[in-house]
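Right, one structure below, let's go through it.
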Amino acid sequence: MRFLSSLILPAALLLGACGETAAAPAAGGAAVIEVRDAFIVEPPEGRDITGGGMHVSVQGGPVTLIGARTDAAQNVELHTMSMENDMMQMRKVESFPVTEETPLVLERGGNHLMLFGVGPIEAGSEIDVILTFTDESGTETEVVTKAEIVLPAG
Ligand SMILES: [Cu+2]
């Protein structure tokens with residue numbers, strides 16, 4: 001029952017945020033997605049590009065993260081980060097898989113969200129980030145999560 005109780009909180013947040021049961025399983029018992037620890041890094045002074053991350057897990061079948069958006073940014077992309085020729089390279093991708101065995105971790109220095117055209121956001125505040133997933137049947141599900149604005153590392 002410990003796992004079940006961990007699912008209740010995000011669902012309750014969703015209900016409060018938008019009145020939709022976005023994290024609830026679709027008809028037919030589809031996957032249940034849990035998003036936690038979402039964050040967006042406060043952009044440096046004078047910049048409107050920044051990164052963010054979160055932890056996404058799923059029960060009941062694999063899903064695919066195919067997009068993210070927020071009122072706080074004009075555009076949000078999914079990026080990978082890897083070492084190529086001794087250089088850290090970021091690359092835009094169309095999606096990230098999430099399975100029961102392998103949760104999706106978006107983080108600084110790894111796979112991440114990249115936000116462009118970011119409006120004024122301050123460390124310590126929270127913004128809604130809307131994530132779009134598809135399941136194996138192609139059904140789209142939106143999950144709204146609260147992302148904390150955090151200070152740049154170092
Ligand atoms: Cu990036």
Legend entry - Contact order normalised by residue count of region 93-154, Cα under 8 Å, 6+ apart, percent: 26 percent
Inset, instruction - Pop out the ³J(HN,Hα) list for region 125-136 in order, Karplus 6.51 cos²θ - 1.76 cosθ + 1.60 with θ = phi - 60°, rounded to Hz; leave Gly and Pro as x. - result: 8, 10, 10, 7, 10, 9, 9, 10, 10, 10, 9, 5
Inset, instruction - Take the alpha carbon gyration tensor of region 36-134, find the square roots of its eigenvalues, order them as a ≥ b ≥ c, and report rounded if a/c is under 1.5; if not, report prolate when a/b exceeds b/c, else oblate. - result: oblate
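Every number in this text was worked out from the coordinates using simple rules, so none of it is lab data. On a predicted model such as this, the values are computed, not experimentally measured, just so you know.
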